[in-house]
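Here's the structure, in structure tokens; my notes come after.
The values are calculated or read from the model by the stated rules, or taken from the named source; none is laboratory data. Keep in mind that this is a model prediction, so the values were computed, not measured. Glycine also receives a Cβ, built like all others from the backbone with ideal geometry; neighbour counts cover every protein chain displayed. Side chains are part of the model used for accessible areas, which takes the heavy atoms of the whole protein and leaves out ligands, DNA and RNA. Shrake-Rupley method; radii C 1.70, N 1.55, O 1.52, S 1.80 Å.
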Amino acid sequence: KRRDPPLRHRLSEAQPKMNDTTFTAFVPPHKVDSPVPVVLFQSGHGSNSACHAPLLNALASEGFVCILPDRDTDTLNTPEGDAVELKFTEGKLTAALSTDGTHLAAAYEWLLAQGGVVSGQKVDTTKVAVGGFSMGAIEAINFASQKQGAGGISAVFLISSSTSENAEPLYQFKETDLVDKVSKFTIPSLYITSDKDCMHDATKKLAVAAAKPSALVVFKDEVLDNSMTLTQELSIWHTRHIEMIPGLAQHFALAAEAKVVAKEPVVGFLRRTLLHTGGIWSDELVKASDCVTVVDQMLVHNSVA
């Protein structure tokens, strides 16, 4: 069934420093009478909301409004189409960088300014989760650590986080800082990767350090769509970059391809944390046969310094 394209919203002129930013809202296909929870999501580097449309439409179909900050240069490539090579050989970025939390913060402010309605759908601004993929996971951690709890952000999920030490110069962060921040989360967190994902180790490192309640899902390679079909079409990334970055196809398969494997754990997590219904790992959500590892510590709490 054809889905209407998501609506795009230009940021208010009251925030001129963000005048390169629009907000894209993915809403349930059929209007829900009662207010629904909200997901604020940050895309990966060289990608935008269109690149994650399968995942976000899937979440919207489950009754969540998803909002992303899109920047005008999110998918800016070089004339020769070699932005990725330039990025890794010379450390120069052509596409927009979003890692300090400010763009998700702007999306949150925009949400609060909508008067409880986004694209005609009532929303519950007391039930907000934040998520991020790849570079977007850095943005999500930094924003969530500032706005967690106390009427702010209630949960955070990270998909294939580009938080390894060797990515620090590119994305302007410190791995130790991010590990420290997730260890001090006071809200539930979910971490998703796969056994051959180039960011498997980095994502798992965050999951191991994370304060409870938390959960980790590691998918098997054979359940992923590693074609990079949509990724090549919509972002600066291409299959030719796999030789440079083994595990790149698995990285994008987790959040940017038509087969939306991350939907099940994310929906289960959001239902558990925002709606307080059901279990996260019921058979219809996450199949054990699809995973190498499932670590469910959602009922475990530890003290946070």
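Here are some notes:
- Judged by the mean number of other Cβ atoms found within 10 Å, the most tightly packed of the peptides 194-204, 227-237, 28-38, 133-143 leads the ranking 133-143, 194-204, 227-237, 28-38.
- If the convex hull is drawn through the Cα atoms of the chain, its volume per residue in Å³: 129 Å³
- Spin-label pair Ser227/His276, simplified geometry with 7 Å Cα→Cβ offset, distance in nm: 4.3 nm
- Fraction of alpha-carbon pairs over 16 Å apart in the range 201-245 - percent: 60 percent
- For the range 81-149, alpha-carbon Rg relative to the globular expectation (2.2 N^0.38 Å, N residues): 1.42
- Radius of gyration (Cα atoms) of the range 35-174, expressed as a multiple of 2.2 N^0.38 Å: 1.07.
- In a reduced charge model with +1 at each Lys and Arg Cβ and -1 at each Asp and Glu Cβ, the chain shows a dipole moment near 900 debye about its Cα centre.
- All C-alpha pair distances within the range 104-184, sorted into 10 Å bins from zero, spread as 18, 45, 26, 10, 1 percent across the bins.
- Whole-Å distance, taken between Cα centres, linking the range 177-252 and the range 25-49: 20 Å
- Here the relative contact order of the range 94-171, from alpha carbon pairs under 8 Å that lie six or more residues apart, stands at 34 percent.
- Pairs spanning more than 19 Å between alpha-carbon atoms, out of Lys147/Lys184; Lys147/Lys263; Lys127/Lys181: Lys147/Lys263; Lys127/Lys181.
- Accessible area of the range 226-280 divided out per residue, in Å², using a probe of 1.4 angstrom: 39 Å²
- Top positive-direction residue, dipole computed over the chain with Cβ charges, set Gly151, Ala50, His251: Gly151
- Think of each Lys and Arg Cβ as +1 and each Asp and Glu Cβ as -1; about the Cα centre, that makes the dipole of the range 189-268 roughly 300 debye.
- Summed over all non-identical Cα pairs, the Kirkwood treatment of the range 32-82 gives a radius of 12.4 Å.
- Volume per residue of the C-alpha convex hull in the range 165-296, rounded to whole Å³: 118 Å³
- Within the accessible area of the chain (1.4 Å probe), percent carbon and sulfur: 51 percent
- Karplus (6.51, -1.76, 1.60) ³J(HN,Hα), θ = phi - 60°, over the range 198-207, in Hz, Gly and Pro reported as x: 5, 10, 4, 5, 5, 5, 5, 4, 5, 4
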